[in-house]
1. Could you grab me the full set of residues in segment 247-264 that are within 8 Å of the ligand (Cβ to nearest atom) and not in a loop (DSSP other than H, G, I, E, B)?
2. Kindly state which helices (runs of 4 or more DSSP H) lie completely within segment 1-115 and contain at least 2 residues that are in the same structural domain as LEU225 (by TED's automatic domain parsing).
3. Of the residues that sit in segment 126-150 and are touching a residue at least 24 places away in the same chain (Cβ under 8 Å) and part of a helix (DSSP H, G or I), which one is farthest from the chain's Cα centre (by Cα)?
4. Is it the case that segment 211-220 has a residue that's within 11 Å of the ligand (Cβ to nearest atom), in contact (Cβ under 8 Å) with a residue 24 or more places away in the chain and crowded, with 23+ Cβ neighbours inside 10 Å?
5. Name the residue that is surrounded by the most Cβ atoms within 10 Å (Cβ to Cβ), counting only residues in segment 30-45 that are farther than 19 Å from GLU84 by Cα and among the hydrophobic types (A, V, I, L, M, F, W, C).
6. Restricting to segment 62-91, name every residue that is in contact with a strand residue (DSSP E or B) (Cβ under 7 Å, 6 or more places away or on another chain) and among the hydroxyl-bearing types (Ser, Thr, Tyr).
7. Write out, first by first residue and then by second, each pair whose Cβ atoms fall under 9 Å of each other, whose residues are 6+ apart or on separate chains, and whose first residue, in segment 231-250, is free of Cβ contacts under 8 Å to residues at least 40 places away in the same chain while the second is in a helix (DSSP H, G or I) and within 8 Å of the ligand (Cβ to nearest atom).
8. Restricting to segment 44-65, what's the tally of residues that are out of contact with any helix residue (DSSP H, G or I) (no Cβ under 6 Å at 6 or more places or on another chain) and touching a residue at least 24 places away in the same chain (Cβ under 8 Å)?
Amino acid sequence: MAYRIALIPGDGIGPEVAAAARRIVEATGLAVEWHTVQAGQSALDTLGSPLPEETLAAVRNADATLKGPTATPSGTGFRSVNVELRQRLQLYANYRPARSMPGVPSRYENVDLIVVRENTEGLYSGLEHEVVPGVVESLRVVTESASERIARFAFETARQQGRRRVTCVHKANILKLSDGLFLRTCRRVAESFPDIQFDDSIIDATAMKLVINPQAFDVMVMENLFGDIVSDLTAGLVGGLGLAPSANIGHGVAVFEAVHGSAPDIAGKGLANPTALILSAVLMLRYLGEKEMADRVETAIRSVFTRGKVLTSDLGGRATTSQFVASVLENLP
Ligand code: NAI
């Protein structure tokens, strides 16, 4: 039976990289029934809502969703579609691997780490208000239940992937109550996983350590805002946002998307690097249990980079999105 995949093209470069990822998945021969739905600025313009109910229903009913980036206006306007999607569907775990790619220009080699980001609360709870003119408050919500489920996800991921260590990243020295609860909960969960080492690291020192010696990290678990920032940093360690995939995982529902945004500066020019979304599709294939298909696509991407001839402009090359896709297809075993 065909998999039901919801496809959200999104905004900016979204439709370009979504078409590329779809093309590669189709080339594997996997039986897929695609259900294309809209979200983001494009959905607001055409359907009157940035996250229409039809889109939510399609994501809920799909075996998995492949999503292009969606634009969010800064400072004013509608709330982030991503934050809303993650909260409404309780996509509580944001899985963001960063792994060096042979042939990709980067200052670092042999980086292989995973950022596990709590995806539903923290400073992204959406609880902001103006107390009096000139004074606003944003509530940073941390609950024991959400901390526990993300900690468990991190340890289970480490165990499944044969990894050795989970590091809790926090600011519990200053945020004694909120990050104190997060750290204590991670410590408690660690006791149920004696086969995995556990340590913790303060967020600011972590940023410095990541830049100096990223190979020292394995699986890292942290709250929402820290995870958002740190995962862009770790993308930079392995070649940039054009290469960084992610998965948003809930109970029976999952959305796979690149870490990057809609890149309005290069949208519509055919220049976007589709690797991040193709690698997100690889994560989706693994989630669906299609390991062999996932391995084939990943091998094809790695072959293209190892040869180093077809690189998009973010990596210093001249290839267009479609030339890159053609090269991946040629290398698909
Ligand atoms: P961005 O990730 O869109 O772009 C940052 C820089 O990286 C730009 O110079 C862009 O050209 C480059 N870049 C990003 N992806 C690339 C790719 N695949 N190939 C080549 N170059 C690439 O971040 P920015 O500019 O901060 O955000 C733009 C919009 O995207 C905003 O509205 C933001 O809210 C939204 N956004 C959406 C996300 C999502 O839907 N998951 C995630 C991050 C931002």
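The values are calculated or read from the model by the stated rules, or taken from the named source; none is laboratory data. Predicted model only: the values in this text are computed from it and were never measured. As a convention, Cβ positions derive from the backbone with ideal geometry for all residues, glycine included, and neighbour counts pool all protein chains shown.
1. If the condition is that a residue be within 8 Å of the ligand (Cβ to nearest atom) and not in a loop (DSSP other than H, G, I, E, B), then GLU257, ALA258 are the ones that fit.
2. Hits in segment 1-115: none.
3. The qualifying residue farthest from the chain's Cα centre (by Cα) is GLU144.
4. No, segment 211-220 contains no residue that is within 11 Å of the ligand (Cβ to nearest atom), in contact (Cβ under 8 Å) with a residue 24 or more places away in the chain and crowded, with 23+ Cβ neighbours inside 10 Å.
5. Only one residue tops the list, namely VAL32.
6. Result: THR65, single match.
7. Partner pairs satisfying both residue conditions: ASP232/LEU241.
8. Total meeting the criteria: 9.
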